Number of protein chains: 4
Amino acid sequence: MLIYLAMETEMNQLKLDLRKFTKDRNWEGFHSPKNLAMALSVEVAELVEIFQWMTEEQSKDFDCLNDLKDEIGDVMIYLTMIADQFNLDPIEMAKIKFKKNEKKHPKYI
Amino acid sequence: MLIYLAMETEMNQLKLDLRKFTKDRNWEGFHSPKNLAMALSVEVAELVEIFQWMTEEQSKDFDCLNDLKDEIGDVMIYLTMIADQFNLDPIEMAKIKFKKNEKKHPKYI
Amino acid sequence: MLIYLAMETEMNQLKLDLRKFTKDRNWEGFHSPKNLAMALSVEVAELVEIFQWMTEEQSKDFDCLNDLKDEIGDVMIYLTMIADQFNLDPIEMAKIKFKKNEKKHPKYI
Amino acid sequence: MLIYLAMETEMNQLKLDLRKFTKDRNWEGFHSPKNLAMALSVEVAELVEIFQWMTEEQSKDFDCLNDLKDEIGDVMIYLTMIADQFNLDPIEMAKIKFKKNEKKHPKYI
């Protein structure tokens, strides 16, 4: 019971912070799911840009983490905002999709 | 104290599940940060595809949630896997970036 | 003179074909620049998908060209349609941008 | 005959310019199809960014064309470079794909 409440608190806090941030700036009119999907794709491209000219090996050894942290943060923010438009939780959706992936790709025996 | 442990459990469980899933299928060699960034961008495009021909109003009223749930789940899965390559937590990164955004965009008074 | 006319014909034919195709299907209402930009990004992701799990070497040796041809065609189609909304020509824009790139990145001597 | 030669000249000139530009800067090692596909997706995202917070109507009336021209140019440049890795011509691919689209989506009668 305590554990369930705690998880709720963690996820909900980010959602509530983002709702308040948007409302305080009168940006709600801009945040249609369509626009948020576009913004999400732009943030992901900024993450892709970090790695575009690296070899795979170089990408594994990448250690200028400040830029990467910002981009991961931005992608998570926009994903949370899109999901929140439909009262969905990204982590819960990942868990459900993960179960499907396990069935779709059975492990080698 | 209990709350902190509970949050750890929640986030870590998804990470650990994804690590095990990857290892069980011998896919670790494919999962360089470079490749995962490409895969993330492909999953985001599948989310964008849902809304591309809708008006903003139609995107707000969208109610065929099953496809959307899958795509949000896929984006969250790949974002978690990239972050995990660098021992980063997407929700923590979102919170840190959120603090920066608050300073960058002060609210109207 | 003959050369100029010929180039016009080549580029204009694709534009005119795409305009007629759109009009014949009553899709003009869907083809706002915003929507076409989304569609372009979706088509590019399908091209990215082809290479996402390959090494760079494998991507150089890739020889299942039918899928790639389709995706290059789709990207060119949407790029032409966006450009045409503003009476712009993609090849002309490439030439102008190329001149800028030459100045921005002088060659090693 | 003259027309065919003229079209060749037009398309080939851009390809040849891009090949020389890449060679003069010793960038050939970076330009695997995999990397060029990533770079193409990043450039398309910069085009998407222009329109992300606009309504569809605003995107139709957009008249700050300088940024848009640069982005269309960049997308065309990277598309040409990917296609050239496989000796393909983007406009020719668009025409072939267009024929397929006509069959796939017959017009209303």
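The values are calculated or read from the model by the stated rules, or taken from the named source; none is laboratory data. On a predicted model such as this, the values are computed, not experimentally measured, just so you know. Methodologically, a virtual Cβ is constructed for each residue, glycine included, from the backbone with ideal geometry; neighbour enumeration extends over all protein chains shown. Ligands, DNA and RNA are stripped out before the accessible areas are found, and what is left, the full protein with its side chains, is counted by its heavy atoms. Shrake-Rupley method; radii C 1.70, N 1.55, O 1.52, S 1.80 Å.
Which of the residues spanning segment D:31-57 are away from chain A (no Cβ under 11 Å) and in contact with a Lys or Arg (Cβ under 8 Å, 6 or more places away or on another chain)?
Of everything in segment D:31-57, just one residue is away from chain A (no Cβ under 11 Å) and in contact with a Lys or Arg (Cβ under 8 Å, 6 or more places away or on another chain), namely D:P33.
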- Kindly provide the set of residues from segment A:83-100 that are in a helix (DSSP H, G or I) and within 13 Å of B:E71 (Cβ to Cβ), ordered by number. A:A83, A:P90, A:M93, A:A94, A:I96, A:K97, A:K100
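Report the residue count in segment C:58-82 for those that are part of a loop (DSSP other than H, G, I, E, B) and more than 7 Å from chain D (Cβ to nearest Cβ).
Result for segment C:58-82: 2.
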- Message: Restricting to segment B:13-33, count the residues that are aliphatic (A, V, I, L, M) and surrounded by 14 or more Cβ atoms within 10 Å (Cβ to Cβ).
- Response: 2
- Message: I'd like the full set of residues that are open to solvent by 30 Å² or more (accessible area, probe 1.4 Å) and in a helix (DSSP H, G or I), limited to segment A:38-55.
- Response: A:E46, A:E49, A:I50
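Evaluate the following for D:E49: is it in contact (Cβ under 8 Å) with a residue 24 or more places away in the chain and not hydrophobic (A, V, I, L, M, F, W, C)? Steps first, please.
Numbers: in contact (Cβ under 8 Å) with a residue 24 or more places away in the chain: no; not hydrophobic (A, V, I, L, M, F, W, C): yes.
Criteria not met by D:E49.
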- Task: Give the number of residues within segment C:62-87 that are within 12 Å of the chain's Cα centre (by Cα), open to solvent by less than 10 Å² (accessible area, probe 1.4 Å) and not β-branched (V, I, T).
- Result: 4
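Keeping to segment B:89-100, report how many residues are more than 7 Å from chain A (Cβ to nearest Cβ) and either within 13 Å of A:D24 (Cβ to Cβ) or open to solvent by less than 70 Å² (accessible area, probe 1.4 Å) (or both).
1
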- Message: Taking the conditions exactly as written (within 7 Å of chain C (Cβ to nearest Cβ), modelled with pLDDT of 95 or more and in a helix (DSSP H, G or I)), does D:A6 satisfy them or not?
- Response: no
